Each structure stands twice: as structure tokens, then as C-alpha cells.
């Protein structure tokens, strides 16, 4: 064979081998660097290290520090991590960045096709940029529910059945009526755990995002929340203003409130708070009057990843592998976004002692109604600005028009490029 023809054959063979799926035996052993806002599951990490003969270097950063540091390393192009985990509230910023994440739909089309087929749209949409490129994948489904105190349910509506609780709390009008009834009972309990979580849920009722085409949008639903919040303050409807108040956390054991609006991940907190107390087993799950999702984690592979195929093998294990997602749910109580895995768990019927024998996965599955994902890269800050002015108005320190002006000024100050009318 002629030397030139031999050279071409070698080049072609090398190209074909590189295009195949990752094979730990065919490439140099590597190190995966991961930035994450919480502690990575050590068992998963160690199993992957052993299987692929690699080292995983994990850096834990809170969401704010992670974004600051990621901005810095992307500018210098030094010490850029291979994999980044992001909470839902900051995912859009990095998904829309041209310099951050690899286009997974181009690099791994078959896997992303499976992902889009088997995961709900509100999960897949958050990791897809405006050009339709999948930049990050989510694996949790933080379905919003109404946790309720069973003993108070029996006193208020005569039953602790979740369907009857859902019916009795199915509108604002019914919630205010229940609050009047609770005050007449004079049992020392409020209707709702904390007003901030209620307000966050109500804001997810919006049909439009906070920002459209670089313009601030204040929806009708957001405006409704001014007077709703004021009435809730006047009627003393909640045990605490914010979820960090001790009067809220102790309420799960002391029965000082009836309803708590939070996603799936709150169940683990309730279990920890009520363990070995009278509150254990005294909580149930009902459908909320506003279907919503709140929270979750998305994972992206940076464009600077030293070995993107190896990085994808890890991400695929964590986010797409059905057996891993099933086992993760069994160990940690996660609610998988993979619909096939969720159906498997629901079919097994798993009653929980924390919920007095109710099956949490069946309850979560029942509450899972598909809604458009309206999150933007601005939501974390804008939500906080809006919650601040809601309180200013609700407690009577600031008129509504002035509170709204304060909100717009804060948004414009934080994001001068946005159009704010």
C-alpha cells in the first residue's frame, strides 16, 4: 500500500474511533471538575470514579459565589470546570450565554432525543436556549403541593381526606372563608405557614414572564397580589412572614398552622422536623389551588470541558439513567422528572409514615399538571424586589403606587438595559 494511502487510512480510522461513545479503556485517564451548590452524592461519585478510572474533583459553592466565580474563570479561560450544577432560578442566565455551555443536542443527539421524549416540557424548556439548543438537562420534578395538618383538617372540614382538603381550599374565596372559621374556633392556629411561600406560589400563576424582549412585564396576576397580601396581613392568616422564622418551622410539630404551600422537596424537611414528635404522621398532601413547579437542578457541560464525552457520561448517569434515578428516589426521596421512572414508583405504592400512610409519590403525580415555564435569568432578583414592595404595601407603610414605583426603580437600577415603563 502506498504511504499516502496508508496515512489517509490511519487518519480515517482515528476519526471514526473518536466519534464513538466514550470508552474508558481507549482514552487517557482523566479528572472531572464539578461545581455544584450542594454536596454531591458520594456513592454516585465513587461508583463513577471506579467504573471509568477517573478522579472527580468537586467544589461546593452557594448560588451567588458560583455565578461570580464562573464569570471570572470564563473571562480568563483558566480553571473552567467541566460540569456545572445550577438551581432553577439561575439556570436561564447561563443557558442563554454563548460562551458557557456545550450544545448537548448537537453533541449527543440520540440522548437528548430520549430526554425530550421522556421528561416534561417545563423541565426540558428551562435548559433550552432561545435558538433551540439544549444547554443543560434537569432531572428533578419539583411539583408544587399543599401540605396540610390532618388534625386541623378534621376540625375545619370534618375530614383529612386529601381530595376533600383540595376541594375545601380550591380558591382564594374558600381560603378566606376557612380563615374566618379557624378564627371562630379559637384554637390558636393560623391558616397558612408563611406568607412568602404563598406569594411565590401565586406569582407562578402568571402567564407571562417578568421580562419579554428586554422589557419588564408586570402581569395582572402580580398586581392582584398587592390586595391579596394586604388582606392576608389584616386577617392575620399566616404564622410567619418568611420560611426562616422559628414560628413557621416549629408549626409543623406544634400544629400552629393548617396549610403549607411548597414543592416536593419540602417533604424531607417535614420528616426531619417532626421526627419523634406529635407532628410525625400528622401531615398530608393535597392538590394546591394553583398548579405550579418551583425548584430543581439543571446540569451543563462547559465549552471548555477537557473531555466532554467523559463529562456527558457522568451527566447522563445522574440525569437520564432510569435505574440511577429510581435508586436515587429510593435513597434520597427525590421526585424524578423522568416520567417512565415516576410511573414505575407510583405503581409500586409506597405509603409514608410521615404522611400518616399516604403515598407521597402518588400524591405528587396527581398534582403534576404541565405548565409553561416562565422563568427568566432575571427572576431571582425581580421576585425579591417584588416581595419587598408587597410587604411595604401590605403592612401599610407605603401606598400601592409608591410601592410599585419603588419596585420599578429597583429593577432598573439592577438591570439598566431593561425597558421599565
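For region 170-187, state whether one or more residues are within 26 Å of residue 337 (Cα to Cα), assigned by TED's automatic domain parsing to the domain that holds residue 383 and modelled with pLDDT of 95 or more. Within region 170-187, one or more residues are within 26 Å of residue 337 (Cα to Cα), assigned by TED's automatic domain parsing to the domain that holds residue 383 and modelled with pLDDT of 95 or more.
Per-residue answers, yes or no, for (1) touching a strand residue (DSSP E or B) at 6+ places or on another chain (Cβ under 8 Å); (2) more than 23 Å from residue 407 (Cβ to Cβ); (3) free of Cβ contacts under 8 Å to residues at least 60 places away in the same chain; (4) not assigned by TED's automatic domain parsing to the domain that holds residue 395:
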position: 228; (1), (2), (3), (4): no, no, yes, no
position: 234; (1), (2), (3), (4): no, no, yes, no
position: 238; (1), (2), (3), (4): yes, no, yes, no
position: 242; (1), (2), (3), (4): yes, no, yes, no
position: 245; (1), (2), (3), (4): yes, yes, yes, no
position: 249; (1), (2), (3), (4): no, yes, yes, no
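If you filter region 70-102 down to residues that are free of Cβ contacts under 8 Å to residues at least 60 places away in the same chain and within 22 Å of the chain's Cα centre (by Cα), you find that the one that is farthest from residue 378 (Cα to Cα) is 70. Could you say whether any residue in region 324-336 is more than 30 Å from residue 134 (Cα to Cα), surrounded by fewer than 18 Cβ atoms within 10 Å (Cβ to Cβ) and out of contact with any strand residue (DSSP E or B) (no Cβ under 7 Å at 6 or more places or on another chain)? No, every residue in region 324-336 fails to be more than 30 Å from residue 134 (Cα to Cα), surrounded by fewer than 18 Cβ atoms within 10 Å (Cβ to Cβ) and out of contact with any strand residue (DSSP E or B) (no Cβ under 7 Å at 6 or more places or on another chain). Quick one: would you say residue 362 is under 29 Å from residue 266 (Cα atoms) and at pLDDT 95 or above? The answer is yes for residue 362.
The residues listed here are 319, 367, 362; of these, the one that is outside the structural domain of residue 148 (by TED's automatic domain parsing), farther than 26 Å from residue 96 by Cα and either in contact (Cβ under 8 Å) with a residue 60 or more places away in the chain or crowded, with 20+ Cβ neighbours inside 10 Å (or both) is 367.
The requirement of being under 25 Å from residue 195 (Cα atoms) and in contact with a strand residue (DSSP E or B) (Cβ under 8 Å, 6 or more places away or on another chain) is not satisfied by residue 400. Would you confirm whether any residue within region 75-86 is part of a helix (DSSP H, G or I) and over 22 Å from residue 142 (Cα atoms)? Yes: one or more hits. Each residue in region 26-58 was checked for being under 22 Å from the mean Cα position of the chain (by Cα), exposed (fewer than 13 other Cβ atoms within 10 Å of the Cβ) and under 23 Å from residue 101 (Cα atoms), and 2 pass.
The values are calculated or read from the model by the stated rules, or taken from the named source; none is laboratory data. For clarity, every value in this text was computed on a predicted model and none was experimentally measured. Cβ: placed from backbone, ideal geometry, glycine included. Neighbour counts: every protein chain shown.
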